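Have a look at the structure below before the remarks.
The values are calculated or read from the model by the stated rules, or taken from the named source; none is laboratory data. Just so it is clear, the structure is predicted and the values come from calculations on it, not from any experiment. Note: ideal-geometry Cβ built from the backbone for every residue, glycine included; neighbour counts use all protein chains shown.
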Amino acid sequence: MPEDKMRRGLEYRSFVRKKIYFLIFLFLFTIVVFLLAIALGSSSVSLGRVLRTLFGHGEKKDSIIILSIRLPRAVTAIAAGFGLGIVGCVMQSVLRNPLASASTIGVSQGAAFGAAFAIIALGGGMMSAGSTGAQLNVNNPVVTTLCAFFFAMVSTIFVLCLSRFREINASTLVLAGVALSSLFSAGTTLLEYFADDVRVAAVVYWTFGDLGSTFWKEIIVMGTVVVFAAIYFQLNSWNYNAMQGGEETAKGLGVKTQSTILCSMVVGSFTAAVIVSYIGIISFVGLIAPHLVRKFVGSDYRYLLPAAGLAGANLLLVSDLLSRLIISPIVLPIGAITSILGAPIFLWIILKRGRH
Amino acid sequence: MIHAENVNFSYHTDESVLKAVCLKEEAGHCIALLGNNGVGKSTFLKCFNRILRPDSGTVLVENLNISKASRKEIALTLAYVEQHTSSGRLTVYDTVLLGRKPHMKMTPSEEDYAVVDNAIERLHLTDLKLRYTDELSGGELQKVMLARALAQQPKVLLLDEPTASLDIYNQHEVMKIAAGIASEDNMTVIIVIHDLNLALKYCDRFLLMHDGKSFDYGDVSVITSENIKAVYGVNAVITEVDGNKIVIVK
């Protein structure tokens, strides 16, 4: 009976609708933070002027500040934050490890080493004036990104091999990530030791993390990669749901677990590598974004993925705002701000796990 | 119908875990896989839905050759509930809905919701359907996993020690449901189980395994003191209470 059919899953569907409302709220919140990130800074612009400028009716001075400096910066924060959020979320699923993210398992550090190698050894970048006082222009983004991706994959393959062993638990995997990060940091130090002063300074500034070094060309590349990754991950959301019950359960539900794990990690590592090669290492965003929204949407990846992406975008937008406002007009490195915000939350996650 | 023929399997070592194990049965039976720890019961179960790929031998389920079938085809034919089960922080409804994964594309259809609702009602989980599974007791969680397997609408249900770590009430609840599924849905249910008396009460076919081989197979008549001595290495007497056979270890 049609009436009977209408009642099917009714309670559940209304329960799910609350998650969709939460996503809409998060999306609107992101727009508000995005507008604030554009309005606030060393020279504040009212929200009205921001909106007028964004719709092409602003004054010339506002247009320069907003369209040339703050808008690319805010869009970069959204693209990179969203990307890191969904990558962290997927890594936590396929590795079945709540402490996994690009920066905790050494993928970002591998990418950073690869990019530093491209900049120093292959002449992939040069210095110029930038928002943190100096900035790196990546001359050859293809080589830099490919090098970053290659070394990110070295970390990924190592972590995948480790996670195959049953006795490796969540904490051990993160410890392995610490070891990998140290290894790549040592490699970066050695590269810097043999490089000339200009290139060393370039790499050092770049590793601070800087949202001001991207222009529309880079933003389009990064944004495209993040959008494709988001679509790929969203199409696999049922697979990630099934994998929460373990690999055998997922296989029993028809999931090709090996290829799902491998492809997700490759897409995730590539996305992280592209983000790292353009803006440097941004720690903790990928790790904490999924945990911040899990309380509201649970672990249903159909909703957790977009929520984690939006949480990541907000974290990076707020971090960027703080980095520009704390001792304005000096812009603090965004990587330091995300670490200051993220470290206590990371500790809270570890303590919460310990209690369980 | 299920037909496993000469199934051999070894892990990375040279020693075979399964040695030419055979099992052939019509639909509608509840089959207990019995034998000591490490004899290969769970391994045999996993060979059925190719979680483990046998070294040789064939497994046919309703004419579907499992070794050649796709993952989706296998999931449409066999449902599997593993021993230590969890589903992360998903609600009961989400978890049961996962059973529809092999049937649906991106979003659940009205039919998917109907099947899930039926499975939830059948296992008396209606009051729990919006609770998160990590808040449930062991017995409740096992019922959720059975509901998920039911929602999969398979032809064969594989249960790996479904009563392990459950209290007596829940052991009987779970076994009653499993036996009910076999008889009411004309489904083949294969259960790895250690409790011989639970198996005797709810199952109607028994595969005794010893040293990686099928030692004996058949109805309740294969549960004899001699077979128990040979398979488990213990002396036992078989007696009857209210028409049910029970095993008492001496």
How many residues of segment B:197-233 are more than 19 Å from B:Gly40 (Cβ to Cβ) and either in a helix (DSSP H, G or I) or out of contact with any Lys or Arg (no Cβ under 8 Å at 6 or more places or on another chain) (or both)? The answer is 12
- Item | B:Gly38 vs. criteria small (Gly, Ala, Ser) and buried (at least 19 other Cβ atoms within 10 Å of the Cβ) | no
Can you spot a residue in segment A:257-275 that is under 15 Å from the mean Cα position of the chain (by Cα), surrounded by 24 or more Cβ atoms within 10 Å (Cβ to Cβ) and among the polar types (S, T, N, Q)?
yes
Considering segment A:201-214, residues that are in contact (Cβ under 8 Å) with a residue 60 or more places away in the chain and out of contact with any strand residue (DSSP E or B) (no Cβ under 9 Å at 6 or more places or on another chain), and then whichever is surrounded by the most Cβ atoms within 10 Å (Cβ to Cβ), we arrive at A:Leu211
Picked from segment A:224-242 (must be facing chain B (nearest Cβ under 9 Å) and surrounded by 18 or more Cβ atoms within 10 Å (Cβ to Cβ)), the residue nearest to the chain's Cα centre (by Cα) is A:Ser237
Expected single match for within 14 Å of chain B (Cβ to nearest Cβ) and part of a helix (DSSP H, G or I) among A:Glu248, A:Glu218 is A:Glu248
Reported set for segment B:64-80 where residues are more than 15 Å from A:Asn241 (Cβ to Cβ) and within 8 Å of chain A (Cβ to nearest Cβ) is B:Arg71, B:Lys72, B:Ile74, B:Leu76, B:Leu78, B:Ala79, B:Tyr80
Residues of segment A:251-266 being in a helix (DSSP H, G or I) and of a type in the set (A, V, I, L, M), in sequence order, are A:Ile261, A:Leu262, A:Met265, A:Val266
Within segment B:133-158, residues being within 11 Å of chain A (Cβ to nearest Cβ), among the charged types (D, E, K, R) and part of a loop (DSSP other than H, G, I, E, B) number 0
All conditions in (1) more than 14 Å from chain A (Cβ to nearest Cβ); (2) assigned to a loop (DSSP other than H, G, I, E, B) are true of B:Leu33 except (2)
Given the conditions (1) in contact with a helix residue (DSSP H, G or I) (Cβ under 8 Å, 6 or more places away or on another chain); (2) more than 30 Å from B:Phe9 (Cβ to Cβ), every one holds for B:Asp127 apart from (1)
The one condition A:Ala129 fails out of (1) modelled with pLDDT of 80 or more; (2) under 29 Å from A:Gly187 (Cα atoms); (3) of a type in the set (A, V, I, L, M, F, W, C) is (1)
Counting only residues in segment B:41-78 that are surrounded by 15 or more Cβ atoms within 10 Å (Cβ to Cβ) and among the charged types (D, E, K, R), the one nearest to B:Asn186 (Cα to Cα) is identified as B:Glu73
Has segment B:37-50 got at least one residue that is charged (D, E, K, R), more than 14 Å from A:Ala250 (Cα to Cα), within 14 Å of chain A (Cβ to nearest Cβ) and in contact (Cβ under 8 Å) with a residue 40 or more places away in the chain? no
Of the residues that make up segment B:94-101, is at least one in a helix (DSSP H, G or I), facing chain A (nearest Cβ under 9 Å) and within 22 Å of B:Ile191 (Cα to Cα)? yes
Looking only at segment B:111-124, decide whether some residue is at the interface with another protein chain (Cβ under 10 Å from one of its Cβ atoms) and of a type in the set (Lys, Arg). no
| request: Within segment A:307-329, identify whether any single residue is within 23 Å of A:Phe22 (Cβ to Cβ), assigned to a helix (DSSP H, G or I) and within 14 Å of chain B (Cβ to nearest Cβ), and answer yes or no. | output: yes
Within segment B:36-75, the residues that are β-branched (Val, Ile, Thr) and not in a strand (DSSP E or B) are B:Val39, B:Thr43, B:Ile51, B:Ile66, B:Ile74
The condition of being more than 16 Å from A:Gly212 (Cα to Cα), in contact (Cβ under 8 Å) with a residue 40 or more places away in the chain and β-branched (Val, Ile, Thr) holds, among A:Ile326, A:Ile340, A:Ile334, A:Ile288, only for A:Ile288
